[in-house]
Structure formats: C-alpha cells, structure tokens
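Down below is the structure, laid out as structure tokens.
The values are calculated or read from the model by the stated rules, or taken from the named source; none is laboratory data. Only a predicted model underlies this, so the values are computations on that prediction, with no experimental measurement involved. Counting neighbours? That spans all protein chains shown, and the Cβs are built from the backbone with ideal geometry, glycine included. Note: areas computed on protein heavy atoms with side chains; ligands, DNA, RNA excluded. Shrake-Rupley method; radii C 1.70, N 1.55, O 1.52, S 1.80 Å.
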Amino acid sequence: GAVVSQHPSRVICKSGTSVKIECRSLDFQATTMFWYRQFPKQSLMLMATSNEGSKATYEQGVEKDKFLINHASLTLSTLTVTSAHPEDSSFYICSATPGGTQPQHFGDGTRLSIL
Amino acid sequence: AQSVTQPDIHITVSEGASLELRCNYSYGATPYLFWYVQSPGQGLQLLLKYFSGDTLVQGIKGFEAEFKRSQSSFNLRKPSVHWSDAAEYFCAVEPGGGNKLTFGTGTQLKVEL
C-alpha cells in the first residue's frame, strides 16, 4: 500500500530555534500534501494544503510566516516551524495523495516539544 | 455549517463483542466518507472509504461501514473486537474535490479482556 514517511518522529529543542519536518511519499507521486496539527486527545486540525510547485494554502488562523511549507517535488514537502516557542509544542502530521479520488495517506507524525 | 459529528468520545467493549462507532455529517450533498484509526503516538491508517455505489463498504482488519443517506450517517462496525483494536477512531468527510478532509472529534475505543 501507499507509504508516507515523516521525519523526525520526535524533536526536542530550545525556544527560538527553527525546526524542519519532512514528509515523503515513498511509492507514489503526491500532487497534494497536507499538514495537520493535533493537540492531546483532540482531532486533527488542517493547517495548510501544499501543491507541488506552488505556494501552500493556509487555513484561517494559521500564520504562514511561522509555519513555512515547501513542496519542491512530487514526493517531498517540508514544514518549518520558525522561531518556535512552547505554545508550538504539538503533534504534527502530514498526509499525501496522488489526487483525484485517491484517499490521503498519513505519516506517523512528529512530536515537537519546545522547552 | 458543514460538520462531522462523532457522538461517542469513549467506548469500552469486551473482547469478542460487536462494535459500532457512530458518525454523522452535515453537508449539502453526499461527501466522500472515510474512517481512519490512530494508535497512540502514530499517524492515521485508512480503514475504509465510501465514494459511491454499494452503501455497505468493507475495509481492512474486519471493519465495515454503512452509508445511510436518509440519516446522514456512516457508522463503523466490527462483529468481533480484538484487543489490538483499541485505538482512536476518526470519521472524516471530503465535501468533494480537492481532497480536503474534515475530521470528527474521534472516538477512543477501549477493549476489555
């Protein structure tokens, strides 16, 4: 089946640093990738939609300068949390789809902890 | 407003018992419907999906779901639950096109041995 790899799985860093999370589709070309944030014991909240070769579309209330998304190829999207602060600590999950009627396939998530 | 509702936050069943997790949606037209499962600290795995056609959909791990247009529901079922089924279950809808999903709040399933 379709595989999406997300790296790293866990990050602990100091406040003020920037953190990059990678999302790769390993066995299919992902025309669209999505980035979600999940708070403890809550559902997934869509942050942004990323299409290869174009600017990401951010959901209302998501700071695009804080959460930089790059989708440089059909198999890779990155999320960079810039100048991270403790309130950015969360579980971030990416997903990818070939498009059309194909469902989204999810990575295993990244646990981000900002000290 | 468009929404997805999972009325049960927590459900506990005994191993071997049957299971039904509820999902209701509110959209103008029939959206694409999905059930995903999430184990602690991990991403989501697709259990099954409904786009059109037969309203009873078979998925992986012995799960099935039935789409009922009259009730705007897409309930997930399993005839006999295994201890390894303990996890968080999310219902999701895609209004149509763009693959943008809206998730329900999730149902935490606990299985008693």
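Taking the condition among the polar types (S, T, N, Q), farther than 24 Å from B:Leu48 by Cβ and at pLDDT 95 or above, does A:Ser89 pass? Judged against the criteria, A:Ser89 is a match. The set of residues in region B:2-22 being surrounded by fewer than 13 Cβ atoms within 10 Å (Cβ to Cβ) and closer than 14 Å to B:Phe103 by Cα consists of B:Gln2, B:Ser3, B:Pro7, B:Ile9. Of the strands (runs of 3 or more DSSP E) lying entirely inside region B:16-113, those containing at least 1 residues that are of a type in the set (Gly, Ala, Ser) and within 13 Å of chain A (Cβ to nearest Cβ) are B:87-94.
When A:Asp88, A:Asp27 are screened for being open to solvent by 70 Å² or more (accessible area, probe 1.4 Å) and either more than 23 Å from B:Thr102 (Cα to Cα) or in contact (Cβ under 8 Å) with a residue 12 or more places away in the chain (or both), only A:Asp27 passes.
Restricting attention to region A:64-74, which residues are open to solvent by 70 Å² or more (accessible area, probe 1.4 Å) and more than 14 Å from the chain's Cα centre (by Cα)? Listed by number, the list holds a single entry, A:Asp65.
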